[in-house]
Amino acid sequence: MARRRGLLALASAFAILLAIPAAASASRGFDLSFQFTAKSGYRITVGGYDATAVLTAAKSAPTHGRRAWSTYVARGKVSPTAIHAGFGALGHVDMRFHPSGGVTYGKRHHHCIGADRYTIRAGTFVGSVSFRGEGGYASADVRRVKGREVTPRLLRCFDSLSEELDRGGRKHSAKKHPKVTRLYSFLRSGLTAMFFDASERGGRAGFVAEMEQTVGSLGVFRGVGVRASPATFAFDNALSFAAVTPPPPFSGSGSFQRAPSGTKSLTGSLAVSFPGAPNVSLTDPRFKTQLTRSW
């Protein structure tokens, strides 16, 4: 039965891909990108494709299982050789790409509609990048940095899809994994959406929070993720109660309760500090909250 479902899913995916015009599915666009580290320790990544420019400021502490980022998306002028975009009061990107002549290729795929592998051209971006995050959490002023151009933006190939389906089938037949207990909340209000997730699996806990906003002409996406001890996420077997006390950049604590009427709520002082947006509450009564456990 599982094999049959996999074949049906694969057939459906093939049908969808075949219905896409060849020119569109080949995604003959381009993806320009470069990275550098700001003095604050944030890793700044700038990319551009079509008429969209993206700037991400991220900081990681792998040994502590911690990562935080803010991504800003702006409309701009992006060509195969340049990225030009304004990010309002946060800064601008005005960089031109100069290929160095070095070309590498990604893994070749089979049964593709259009290109069957990525072409990567190395080079140098020259011009101006100026960025100052909200409150000055990160800042940069760069004139020259190494980067690359990748074409096409996306491959449409059957073999990679088959590999994913096969791996999924093998995972289902593997040894049984520990159950996952998860507390999650979601809120969408006007031009803002927020998400919080606490999970525990096999004696390991993790916390993720994300926020999506439209600020003027910018799309802003922020997130944090941390690993923590299981003591930071307590719950009962009936899944009627849970308490969370995640480590920084979270602060405070949250308490989940399921009332006899079936209503659910997350209350307390729980908050999170995103890069550029500190102390954002995660216990707004408008949050839709659930406490679940996998089979």
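Overview of results
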read-out	value
Any hit, the stretch 147-158, residues being crowded, with 16+ Cβ neighbours inside 10 Å, out of contact with any Ser or Thr (no Cβ under 9 Å at 6 or more places or on another chain), more than 28 Å from Ser70 (Cβ to Cβ) and at pLDDT below 90	yes
Residue in the stretch 104-127 that is surrounded by fewer than 14 Cβ atoms within 10 Å (Cβ to Cβ), outside the structural domain of Ser229 (by TED's automatic domain parsing), hydroxyl-bearing (Ser, Thr, Tyr) and modelled with pLDDT of 90 or more present	yes
Where Leu282 falls short, out of the listed (1) modelled with pLDDT of 95 or more; (2) more than 22 Å from the chain's Cα centre (by Cα)	(2)
Residue in the stretch 191-206 that is among the hydroxyl-bearing types (Ser, Thr, Tyr), farther than 21 Å from Gln290 by Cβ and within 21 Å of the chain's Cα centre (by Cα) present	no
Condition met for Arg182 (among the basic types (Lys, Arg), part of a strand (DSSP E or B), at pLDDT 95 or above and within 20 Å of Pro278 (Cβ to Cβ))	no
Number of the exception - Ala234 against (1) assigned to a strand (DSSP E or B); (2) over 23 Å from the mean Cα position of the chain (by Cα); (3) touching a residue at least 24 places away in the same chain (Cβ under 8 Å); (4) surrounded by fewer than 20 Cβ atoms within 10 Å (Cβ to Cβ)	(3)
Residue that is farthest from Leu32 (Cα to Cα), among those in the stretch 69-81 that are crowded, with 19+ Cβ neighbours inside 10 Å and modelled with pLDDT under 95	Gly76
Some residue of the stretch 136-147 being part of a helix (DSSP H, G or I) and either among the hydroxyl-bearing types (Ser, Thr, Tyr) or under 30 Å from Ser273 (Cα atoms) (or both)	yes
Meets criteria (surrounded by fewer than 17 Cβ atoms within 10 Å (Cβ to Cβ) and closer than 18 Å to Tyr49 by Cα) for Arg96	yes
Number of the condition not met by Gly223 [criteria: (1) surrounded by fewer than 18 Cβ atoms within 10 Å (Cβ to Cβ); (2) at pLDDT 95 or above]	(1)
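The values are calculated or read from the model by the stated rules, or taken from the named source; none is laboratory data. Keep in mind it's a predicted model, so treat the numbers as computed, not measured. With ideal geometry, Cβ positions are generated from the backbone for all residues, glycine too; neighbour counts draw on all protein chains shown.
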